[in-house]
Amino acid sequence: MLSILPLREEMNVKNDEIIKKTEEFAQRFFRQEATGHDWWHTHRVRTLALKIAQEEVADPFIVEMAALLHDIGDYKFSDGDEQKGREIVSHYLHLLPLSTSLIEKILDITSSVSYMKTLSPADKSAEIEGSPEFKSVSDADKLDAIGAIGIARAFTYGGYYHRPVYDPAIPPNPHISQEEYKTTEGPSLNHFYEKLLKLKDMMLTSCGKKLARDRHNFLVEYLNRFYQEWEAQK
Ligand code: ADP
Ligand code: NI
């Protein structure tokens, strides 16, 4: 037991340095981001994923690395090219003193965490979906899209792309396909029905489910108030 202690301490120091570097890498990457994916989204996902990971008995290093890198490979930042996104993250990870198997584990999570992917069953990988590390990061990312913060992000995204807040003449499509989701130019309020209200039932951990309930109820309350105020204008 005693003989492995110094080794473990050495590893912790090494891991702490890798996390610090990765944090700086993500901060630089998201410096100019204004679509609701800013650095603070990544930071919140990291914090929440680590909290969920404790209950899931997931490897905290893999969870933290995957959370910090989860949006860097997003198709939106690689001109719609998913492979390019994976390569950016892979290239970064290969600069670090990490084993190939660890790199693969992190990459498999960062390449699979995405609501857009869940709209196409062919994109899902059953094995990855089952890992506690994937579940922790996936739930944390989806939780950050609901509740008060999620509402702020939806309108930030909509504003950036010049979308109207609401247009009663353009109804939402709750059965939106993956292709339609990528190209929709609908009002931001439609996004609640096309994604946000579905997230609570997509939670993979019990901690995620518990947190999602409260945030979901706030979305419903917000929508009710929104329509009340809209109707009161008439
Ligand atoms: P995530 O980082 O959670 O995977 P996305 O990449 O899908 O989220 O989108 C970033 C943020 O912008 C999220 O909060 C999401 O709900 C919001 N968003 C994405 N598409 C739209 C849209 N068409 N209208 C309004 N908000 C959107
Ligand atoms: Ni995200």
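The values are calculated or read from the model by the stated rules, or taken from the named source; none is laboratory data. Just so it is clear, the structure is predicted and the values come from calculations on it, not from any experiment. Glycine gets a Cβ as well: all are built from the backbone with ideal geometry, and neighbour counts include every protein chain shown. Surface accessibility is based on the protein's heavy atoms, side chains included, excluding ligands, DNA and RNA. Shrake-Rupley method; radii C 1.70, N 1.55, O 1.52, S 1.80 Å.
Numbers for the structure displayed
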| read-out | value |
| --- | --- |
| Vicinal HN-Hα couplings computed from phi for the range 37-47 (Karplus, 6.51 cos²θ - 1.76 cosθ + 1.60; Hz; Gly/Pro x) | 10, 5, 3, 5, 5, 4, 4, 5, 5, 4, 5 |
| Label point at Ser206 placed 7 Å out along Cα→Cβ; residues across the range 43-75 whose backbone nitrogen lies under 13 Å | 55-57 |
| Helix axis angle, 206-232 relative to the chain longest principal axis, alpha carbon, degrees | 20 |
| Mean Cβ count within 10 Å, highest first, over the residues of peptides 138-146, 166-174, 37-45, 186-194 | 138-146, 186-194, 37-45, 166-174 |
| Long-range HN-HN contacts of Ile72 with modeled amide H, under 5 Å | none |
| Carbon plus sulfur fraction of accessible area for the chain, probe 1.4 Å, in percent | 54 |
| Ellipticity estimate at 222 nm from DSSP helix runs (n ≥ 4, -39,500 (n - 2.57)) divided over the chain, nearest 500 | -21000 deg cm²/dmol |
| Theoretical gain in end-to-end length, Gln32 to Glu17 [0.36 nm per residue, Cα-Cα removed] | 2.9 nm |
| Per residue accessible area of the chain, 1.4 Å probe, in Å² | 55 |
| Whole-number D in µm²/s for the range 2-230 (Stokes-Einstein; Kirkwood sum over Cα pairs; 10 °C, 1.306 mPa s) | 86 |
| Only Lys, Arg (+1) and Asp, Glu (-1) charged, at Cβ; the range 2-230 dipole about Cα centre in debye | 460 |
| Summed side-chain charge close to Phe61 - residues other than Phe61 whose Cβ falls under 11 Å, Lys, Arg +1, Asp, Glu -1 | -2 |
